[in-house]
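Reading through the structure tokens given below for one structure.
The values are calculated or read from the model by the stated rules, or taken from the named source; none is laboratory data. Computed from a predicted model, the values in this text were never measured in an experiment. Heads up, the Cβs are rebuilt from the backbone with ideal geometry, glycines too, and the neighbour counts pull from every protein chain shown. Heavy atoms of the whole protein, side chains included, go into the accessibility calculation; ligands, DNA and RNA do not. Shrake-Rupley method; radii C 1.70, N 1.55, O 1.52, S 1.80 Å.
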Amino acid sequence: MIDGLGQHIVILGGGTAGWMTACLIAHRWRARGMRVTLVESPEIGIVGVGEGSTPQLEHFFDTLGIAEDAWMPACDATYKLGIGFEGWSDRAGYERYFHPFPTALDGHTAPQFFYNARARRTGRDVEAHPDRFLLPARLAAAHCAPQPAESFPFEVSYGYHFDAYKVGAFLAGHATGTLGVDHLQRRIANVERIPTGQITALIDTDGGRISGDFFVDASGFRSTIFAALDVPFVSYADALFNDRAVVMPTAHAPGAPIPSQTRATALSAGWAWHIPLTSRNGNGYVYSSRHLTETQAEAELRAHVGTEAGEARHLKMRVGRVRDSWSHNALAVGLAQGFLEPLEATALHFVIATVEAFLDGVDAGGATDAVRNAFNARIAARYDGVRDYIVAHYRLNQRHDDPTGYWAQARGIEVLSDDLKMLMSAWFTGADMVAAIDRAGLARYYSAISWHCLFAGYGTFPEPARLIPPGADIDPVDMTRIDDFLTRCAMNFGSHASRLRAADLKDIA
């Protein structure tokens with residue numbers, strides 16, 4: 001029995017979030033006698049959308065002891081060095097930029113990037129595009145894999161692209177076959193509670209009773225358990241007004257290299273993702289229903305990806321989070337907990353961070369009110385911190401093709417957190433951004449490299465005509481030396497396709 005939780009945890013909902021949660025709980029607590037049951041509705045399997053992750057997913061599989069060559073082939077997975085943003089700015093030379101996962105090697109060039117960015121935002125004509133300074137941008141541009149030669153003793157952080165439905169199915173097999181998780185297929189009609197508010201059981205449509213000591217809501221936007229608990233929802237719609245998506249697959253272009261990056265391309269009323277899997281490409285358009293109808297959005301996405309796109313699926317999104325991710329004897333994960341549009345691929349990151357923080361908190365202090373309150377504050381702050389970074393993509397965009405349309409309205413977003421206002425003030429007044437990020441503790445969510453890539457990648461600097469040559473007060477950065485350093489580092493990395501073949505993954509090269 002786990003202190004304060006009992007000995008039986010019931011998870012409502014399968015999919016990636018539910019099965020990840022089941023795996024993490026059973027892996028940590030099975031030896032201490034915790035029984036885990038996952039309940040999901042019977043359904044016909046569908047082809048999952050292409051999805052991307054942060055490096056947290058590598059940590060997740062490492063925790064479970066699952067090797068890449070075991071799960072990646074089963075889930076059509078490829079490697080991801082970061083995200084290429086295209087069309088979010090129309091400033092000359094800044095039409096695209098790459099947001100990398102920060103890595104140890106960046107310590108050799110990031111300080112020069114920060115220095116030049118500060119010099120340029122204070123009016124000096126120096127190089128400050130992030131792609132010139134950071135190795136992952138070069139690797140992604142060359143379609144390289146993130147693993148270097150054995151003789152190169154520096155690791156590069158990376159995430160993955162994968163079929164989300166297949167990841168859920170793979171984890172279901174691991175949970176039930178290796179970790180002893182019980183799996184029930186039931187349709188839940190009601191949540192049974194006692195006067196104190198605690199949940200005692202889930203009631204299925206046949207009147208069956210599934211009792212437990214603690215419950216996890218992974219039921220998606222339905223939020224079956226947390227709706228019964230009447231936990232308030234904190235909407236982010238006043239700052240993030242994309243509330244729809246349309247998704248469709250496309251085939252790989254014959255002979256084309258396999259990208260090792262996600263691509264996020266700005267369209268008329270939102271942005272489109274392109275995610276390369278081993279079997280196909282995943283594509284989607286995240287947009288605002290205030291600006292486009294479903295028909296218009298689908299037509300725009302089809303025009304963007306080409307005429308060979310497959311069947312479209314339309315999705316509605318509730319953007320925000322529950323006020324408390326742990327309420328009474330229940331925990332919310334996945335879409336039942338909250339949703340931020342997939343611009344930075346944080347969905348599974350939140351699942352992992354939430355479940356691990358819950359496990360760590362209970363292990364350290366038990367299931368007490370103090371532990372629960374600290375946990376809720378920590379998860380809420382994480383959601384708000386990631387929200388700020390995503391809001392910044394829209395508030396700082398430099399598209400000027402429609403003076404009164406979607407992108408102009410995005411630049412006019414007024415509902416900004418104090419942290420985001422502080423960072424914007426620091427950037428535009430020439431203050432030390434690294435110090436500002438450290439003071440506010442924002443590096444817990446996004447590093448100084450990430451924030452600099454966003455601001456500088458858009459070209460949010462004085463107009464070129466207002467820039468002056470650097471004077472004696474500016475220490476020149478030797479760009480030739482940086483180019484040479486990054487070029488020689490990149491020579492240690494092979495192609496993405498070769499790595500997939502070497503790892504015994506699906507051969508599509």
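Listing for the model above:
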{"read-out": "Residues that are more than 16 Å from Thr295 (Cα to Cα) and open to solvent by 40 Å² or more (accessible area, probe 1.4 Å), drawn from segment 232-254", "value": "Pro232, Phe233, Val234, Ser235, Ala237, Asp238, Pro249, Ala251, His252, Ala253, Pro254"}
{"read-out": "Among residues of segment 404-428, those that are without any contact (Cβ under 8 Å) to a residue 60 or more places away in the chain and over 16 Å from Trp271 (Cβ atoms), counted", "value": "13"}
{"read-out": "Wholly enclosed helices (runs of 4 or more DSSP H) of segment 1-112 bearing at least 1 residues touching a His at 6+ places or on another chain (Cβ under 7 Å)", "value": "15-29, 56-64"}
{"read-out": "Filter result (touching a strand residue (DSSP E or B) at 6+ places or on another chain (Cβ under 6 Å), among the hydroxyl-bearing types (Ser, Thr, Tyr) and either open to solvent by 60 Å² or more (accessible area, probe 1.4 Å) or in a strand (DSSP E or B) (or both)) within segment 190-219", "value": "Thr200, Thr205, Ser211"}
{"read-out": "Members of segment 307-328 found to be under 21 Å from the mean Cα position of the chain (by Cα) and in a loop (DSSP other than H, G, I, E, B), listed by number", "value": "Met317, Arg318, Val319, Arg323, Asp324, Ser325"}
{"read-out": "Single condition Glu356 does not satisfy, out of (1) at pLDDT 95 or above; (2) more than 17 Å from Gly320 (Cβ to Cβ); (3) under 18 Å from the mean Cα position of the chain (by Cα); (4) buried (at least 22 other Cβ atoms within 10 Å of the Cβ)", "value": "(4)"}
{"read-out": "Single residue of segment 429-451 satisfying the filter (in contact (Cβ under 8 Å) with a residue 40 or more places away in the chain and small (Gly, Ala, Ser)) that is surrounded by the fewest Cβ atoms within 10 Å (Cβ to Cβ)", "value": "Gly430"}
{"read-out": "Thr21 of a type in the set (Ser, Thr, Tyr), in the same structural domain as Gly168 (by the TED database), at pLDDT 95 or above and surrounded by fewer than 24 Cβ atoms within 10 Å (Cβ to Cβ)", "value": "no"}
{"read-out": "Test: residue in segment 60-68 that is farther than 17 Å from Gly173 by Cα, touching a residue at least 24 places away in the same chain (Cβ under 8 Å) and within 20 Å of the chain's Cα centre (by Cα)", "value": "no"}
{"read-out": "Pairs, first modelled with pLDDT of 95 or more and of a type in the set (Gly, Ala, Ser) in segment 452-465, second part of a loop (DSSP other than H, G, I, E, B) and open to solvent by less than 10 Å² (accessible area, probe 1.4 Å), C-beta under 6 Å, six or more apart", "value": "Ala456/Ala128"}
{"read-out": "Check on Thr109, of a type outside the set (D, E, K, R), modelled with pLDDT of 95 or more, open to solvent by 60 Å² or more (accessible area, probe 1.4 Å) and over 16 Å from Leu454 (Cα atoms)", "value": "no"}
{"read-out": "Members of segment 85-134 found to be in contact with a Ser or Thr (Cβ under 7 Å, 6 or more places away or on another chain) and in contact (Cβ under 8 Å) with a residue 40 or more places away in the chain, listed by number", "value": "Glu86, Gly87, His99, Phe101, Pro102, Thr103, Phe133, Leu134"}
{"read-out": "Of the criteria (1) at pLDDT below 95; (2) open to solvent by 40 Å² or more (accessible area, probe 1.4 Å), which one Asp125 fails", "value": "(1)"}
{"read-out": "Test: residue in segment 168-185 that is without any contact (Cβ under 8 Å) to a residue 60 or more places away in the chain, closer than 30 Å to Ala104 by Cβ and not in a strand (DSSP E or B)", "value": "no"}
